[in-house]
Amino acid sequence: MKKNLITTFIFAIIIKFTIVNSYSVEPEEILQNPQQEIRARNISKNIRCLVCQNQSIDDSSAPLAKDLRELIRIKVQKNDSDEEIYKFLTDRYGDFILLKPPLKISTFLLWCLPFVFFVIGITIIVQQNKKSKKYIS
Amino acid sequence: MIANLGNFSLWLALFFAALQFGVSYRKNNKSTLYLNKISVYSLLLFTLLSFLSLMYCYIVSDFSVSNVYLNSHTTKPLVYKISAVWGNHEGSMLLWILVLSIFNYFIFKLYNKNNIILITKTLETQAFVTIGFLLFTVLTSNPFEKIIPTPTNGLGFNPVLQDPALAIHPPLLYIGYVGFSAAFSFSISAMSVGNIEKVPWYNYMKPFVLAAWTFLTIGIAFGSIWAYYELGWGGWWFWDPVENASFMPWLLGTALVHSLVTVEKKKVLQKWVLLLAILAFLLSVIGTFLVRSGILTSVHTFALDPTRGIYILIFIAILGGYSLLIFAKNSKKFFDKNYISFMSREGSILVNNILMIVVCASVFLGTIYPLIIEALSNNKISVGEPYYNSTVIPIIIPAILIMGIVPLISWQKTSLITILKKTFPSIMLTFAITVTILWIYRSQSVLGFIGIILSGWIISNIVFTLFEQSKIKYGKNKFIKNSVPKFTKSMILAHIGVALLILGITGSSVWQKEKITRMKINDETIIHNYKVIFKEIKEVVGKNYVAIQGNFWIYNEKNNIITKLKPENRFYPITNNSTSEASIHTNILRDLYIVLGNGNEQDGWIVRVYYNPLVVWIWIGAFVIFLGGIFSINSNLKIVKRLSL
C-alpha cells in the first residue's frame, strides 16, 4: 500500500513534465486580424493531419499539425489565395492531405456517382408513379 | 482452467450450431422441433458459458490468457475489467456470437403450429451465420489463447476507452448488427418457403428489425456522446469510417422499418423489403469487416491482422452470393398486388426509402473509395467531412421535408391539393417557430435557417396530427373519423426525436462559440455572456492514473456563480499515455465545455472554452427515438403473439 503511494507520488511529479496535451490551435498561433484567422481556420479544417487518423489539422494535437497550421497562417498573412495555399500543400504532401478530395480523373466516380444514385432514385420514383397512374386509370 | 472451459464451450457451441443447421433437412416435424430445441438451448448455454468464462478471466486478472494480458491490468476498476471483455477484437466477436444466439433463441420462441416451416428455415439460416462467426472466432481470433510463461501483470488498455459510454456502446451496437441477421434469415426463409398467403413473414421479421434499428440508434448515440466529451474538441460526429460502418446499416434499417409498415398495411413493396433485409445485414457484416480487418486506420480501430480480413471477405461473398441468388430466383413470387400512388403515405415512404438508399450508397462510396484508389494506383486520398456534408445533406433535406408530411396524409391515394390544404397550418406554424428561434439566436446562417425549418416542420405537422386526432376522439362526426390518417404513438415519438435531433445538430454546429486562451490563476475570460475565472490547479490521484485538475468558476451576466468546472489532464503510467477529460455544464439551452491544455505557473495554461448551444437535444432526440422504437417493438410483439392463436 505504502509502495503504491510512493509510486503515484513519483508519477505525479513525472506528469508535470510529461503531459503534452496541447489540443489543436494554441493561443499563440491565433492571428491578430480576425478575418485572416477565420480564413486560416477554414483552410486548416480541410487539411488532414498526416500523422493522425481522420482528423483535420485544426483538431489535431500533433506537432506536425501545429507546424502546418503556422505555415498556413504565415501564407494567409502574406495574402496568398486559398488556391495557392492548397496547391502549396498538395505539391508537397499529395492529395492525401485534402479532406475534400479534388475533382480529378481518379476521383471522378467519387464525385459523380452520388449524383447518379440520385438520378436513378428519382427515375425509380417517376416510373413507379407512372405505373400507378396507369393502374388507377 | 476456466479459460479451458470457455474454449471448450466455444467448440461445443460450434457443434450445436452445426446440429441446428443440419436439423431442418429432416422431414419429421416432431423430431425437427425437438432437435431444434436442443440445439437452440445448448447453443445459448454454451456461448453464454464461454462468454462468462472470459469475463471471469478478466475479473480475476488471469494473465495466462493472452487476451486478458494484452487488454487488462490489476489496477483497472472492476467495471472496466468487465467492459474490456468486449473492448478488444476477440472478446467482441464472442459478444457478437452471444447476441446472435440470444436472437436465435427469440426466433425459436416464435414457433407455433402455423409457421413451423418458416421458423425452421429461419433457424437454419441463422445457424449458418452463427457457424460462420464461431469458426471465425475459433480459427482466427480465439480469446482463450494461452501465453507462457504467465506474465505478472497485464498491459492495460487504451485509457481513452476507459469510459462508461464506451463500455455499453459495443453491446448496444451489436444488438443492432445482429438483429439484422434475424431480418436476413427471415428474408431468406420467406423466399425459400414462398407460401406468403398463410404465414405473414413480415410480422415475424418486424420486431427483430425494430429491435436492431432501435438499439443501433441508441448505440450510435452513446458512441457520439463519448466522442463529444472524450476526444476533447466539442465535436460529436466525425464521418470516421468506423462511424460510417454503423451509420450505413442504420440508414438501411430506417428504410426497412418504414417499408415493413407498408408491407404490413398495404401488401406492397414486399420484394423491396426482402432485398433490403438482406442488404442491411450484409452491410453490418461489411462494417465488421472494415473495422475488424484493420483495412481502415482510424481512431476506433484496434485490430490488425490480414487473415481475418480475408476470412470475413469470403464469408461475405458466400452470404451475399447465396442470398442474392435466392432473391433473383424466388422474389418473383412476391410481386405487389396493389400499385403505389406517389401521393399517399406508402408513396412517401417509398420515396424516402429510395433517398435513404441514395444516402447510404454515397456514404459507402466515400468510405471505400480511398481503399479502392489505394489498391489500384498506390495513391492515397482522403475522404473527409467536407465530402459527406456536400453529398449527404442535400439528399437528407428533401427526405426530412417528406418525413414531416407523412403523419398527416393517409394510406391510398390523395391529391396534391388535399396535402397542401392539410399542411397549410403546419407551414404557418413552422414559419412562426423559425422566425422566433432565429430572432433569439440572431443568426444569419443559411444552414441554421434550414435546420430550424426542418425541425419545426416535423414538430408542427405532428402538432396538427394530434390536433386532428383529438377532434375525432371528442367529436361525434363519423365522417371525419375515416378521413383522418391513423398513426401510432411510437411513430409520433420517433419523429419528435428526429426533430429534436436536428435541432441539436443545427444548434451545436452552427452557433458554436470557441475561446482559446492562455490563463494564469485568477485570470478571467468571457464567452457568450459567461465569465470564466481560473481559480486553482491541483493534482489528483485516480485508481490507475494521476492527473492535474483545473478549477474554473463560471459566472453569468448578473455575476451569479453558475457552476465550477474541473477539467483534467490524466496520465496513465501503465500504458504511458495521457488523456484530457473535458468538464461540461449542461442545460437545455447550451453546454459550457472546458478543456485544459498544457502549461505551467509562469506562462499560464492553455484553456479551451466552448459554448455549444442545444447540444443536449442531440442525445435527448436519440433517446426519444429509442423510446419510440421500444414502444413499437412492444406493440409488434403483441401482434406476433396474436398470430400464434
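A few notes on this one:
- Remark: B:Ile326 matches the filter, which requires a residue to be more than 10 Å from chain A (Cβ to nearest Cβ) and open to solvent by 10 Å² or more (accessible area, probe 1.4 Å).
- So B:Leu296, is it in a helix (DSSP H, G or I) and over 24 Å from B:Ser189 (Cα atoms): no
- Tally, over region B:414-429, of residues that are touching a residue at least 60 places away in the same chain (Cβ under 8 Å), hydrophobic (A, V, I, L, M, F, W, C) and loosely packed, with under 15 Cβ neighbours inside 10 Å: 1
- Across region B:382-396, a minimum of one residue is classified as open to solvent by less than 40 Å² (accessible area, probe 1.4 Å), in contact with a helix residue (DSSP H, G or I) (Cβ under 6 Å, 6 or more places away or on another chain), under 28 Å from B:Asp240 (Cα atoms) and in a loop (DSSP other than H, G, I, E, B).
- Residue that is modelled with the lowest pLDDT, among those in region B:573-591 that are crowded, with 17+ Cβ neighbours inside 10 Å and more than 30 Å from the chain's Cα centre (by Cα): B:Ile574
- Subset tally (residues that are open to solvent by less than 20 Å² (accessible area, probe 1.4 Å), assigned to a loop (DSSP other than H, G, I, E, B) and at the interface with chain A (Cβ under 7 Å from one of its Cβ atoms)) for region B:337-373: 2
- Count of residues meeting criterion [under 17 Å from B:Ile396 (Cβ atoms) and hydroxyl-bearing (Ser, Thr, Tyr)] in region B:422-472: 1
- Region B:543-553, subset surrounded by 19 or more Cβ atoms within 10 Å (Cβ to Cβ) and in a strand (DSSP E or B), residue nearest to the other protein chains (Cβ to nearest Cβ): B:Val546
- Of all the residues in region B:554-576, those that are assigned to a strand (DSSP E or B), of a type in the set (Lys, Arg) and more than 14 Å from chain A (Cβ to nearest Cβ) number 1.
- Sole exception among (1) open to solvent by less than 60 Å² (accessible area, probe 1.4 Å); (2) under 30 Å from B:Ile295 (Cβ atoms); (3) part of a loop (DSSP other than H, G, I, E, B) for B:Trp411, by number: (2)
- Close Cβ contacts (under 8 Å, 6 or more residues apart or on different chains) running from residues in region A:97-122 that are facing chain B (nearest Cβ under 8 Å) to residues that are open to solvent by 40 Å² or more (accessible area, probe 1.4 Å) and assigned to a helix (DSSP H, G or I) comprise A:Leu98/A:Tyr86; A:Leu99/A:Lys45; A:Leu99/B:Glu385; A:Lys100/B:Ser390; A:Pro101/A:Trp111; A:Ser106/B:Ser377; A:Phe117/B:Ile357; A:Gly121/B:Ile357.
- Yes/no for B:Thr140 being touching an Asp or Glu at 6+ places or on another chain (Cβ under 9 Å) and of a type in the set (Val, Ile, Thr): yes
- Residue among B:Leu19, B:Leu44 that is under 30 Å from B:Leu166 (Cα atoms) and not in a loop (DSSP other than H, G, I, E, B): B:Leu44
- Top-ranked residue in region B:434-449 [being assigned to a helix (DSSP H, G or I) and open to solvent by less than 50 Å² (accessible area, probe 1.4 Å); ranked as farthest from B:Val510 (Cα to Cα)]: B:Thr434
- Selection count where residues are at the interface with chain B (Cβ under 8 Å from one of its Cβ atoms), open to solvent by 50 Å² or more (accessible area, probe 1.4 Å) and part of a loop (DSSP other than H, G, I, E, B), scope region A:22-38: 1
- Test: B:Leu376 is surrounded by fewer than 22 Cβ atoms within 10 Å (Cβ to Cβ), away from chain A (no Cβ under 11 Å) and either aromatic (Phe, Trp, Tyr) or assigned to a helix (DSSP H, G or I) (or both): no
- Entry remark, region A:39-90: residues being modelled with pLDDT of 90 or more, exposed (fewer than 14 other Cβ atoms within 10 Å of the Cβ) and of a type in the set (Val, Ile, Thr) number 1 in total.
- Pairs with Cβ under 6 Å, 6+ apart, first in region B:387-401 and at pLDDT below 95, second β-branched (Val, Ile, Thr) and buried (at least 20 other Cβ atoms within 10 Å of the Cβ): B:Val392/B:Val359; B:Ile395/B:Val358; B:Ile395/B:Val359
- Test result for B:Phe222, more than 14 Å from chain A (Cβ to nearest Cβ) and closer than 30 Å to B:Val607 by Cα: yes
- Consider region A:39-63 and keep the residues that are basic (Lys, Arg) and within 11 Å of another protein chain (Cβ to nearest Cβ). The one that is nearest to A:Leu98 (Cα to Cα) is A:Arg48.
- Residue in region B:592-612 that is within 24 Å of the chain's Cα centre (by Cα), more than 11 Å from chain A (Cβ to nearest Cβ) and of a type in the set (Val, Ile, Thr) present: no
- Filter pass, B:Ile620 being farther than 26 Å from B:Tyr80 by Cβ and modelled with pLDDT under 95: no
- Some residue of region B:105-114 being among the hydroxyl-bearing types (Ser, Thr, Tyr) and closer than 17 Å to B:Ser284 by Cβ: no
- Any chance B:Ile533 is outside any loop (DSSP other than H, G, I, E, B), modelled with pLDDT of 90 or more, surrounded by 14 or more Cβ atoms within 10 Å (Cβ to Cβ) and at negative phi: yes
- Flag for B:Thr517 being in contact with a helix residue (DSSP H, G or I) (Cβ under 6 Å, 6 or more places away or on another chain), away from chain A (no Cβ under 14 Å) and open to solvent by less than 60 Å² (accessible area, probe 1.4 Å): no
- Condition met for B:Thr579 (within 24 Å of B:Pro159 (Cα to Cα) and either part of a loop (DSSP other than H, G, I, E, B) or aromatic (Phe, Trp, Tyr) (or both)): no
- Per-region count, region B:272-297, residues touching a Lys or Arg at 6+ places or on another chain (Cβ under 8 Å) and either touching a residue at least 24 places away in the same chain (Cβ under 8 Å) or under 21 Å from B:Lys413 (Cα atoms) (or both): 1
The values are calculated or read from the model by the stated rules, or taken from the named source; none is laboratory data. Fair warning: this is a prediction, and the values are worked out from it, not measured in the lab. Ideal geometry is used to build each Cβ from the backbone, glycine not excepted, and the neighbour counts take in all protein chains shown. The area values use the complete protein model at the heavy-atom level, side chains included, leaving out ligands, DNA and RNA. Shrake-Rupley method; radii C 1.70, N 1.55, O 1.52, S 1.80 Å.
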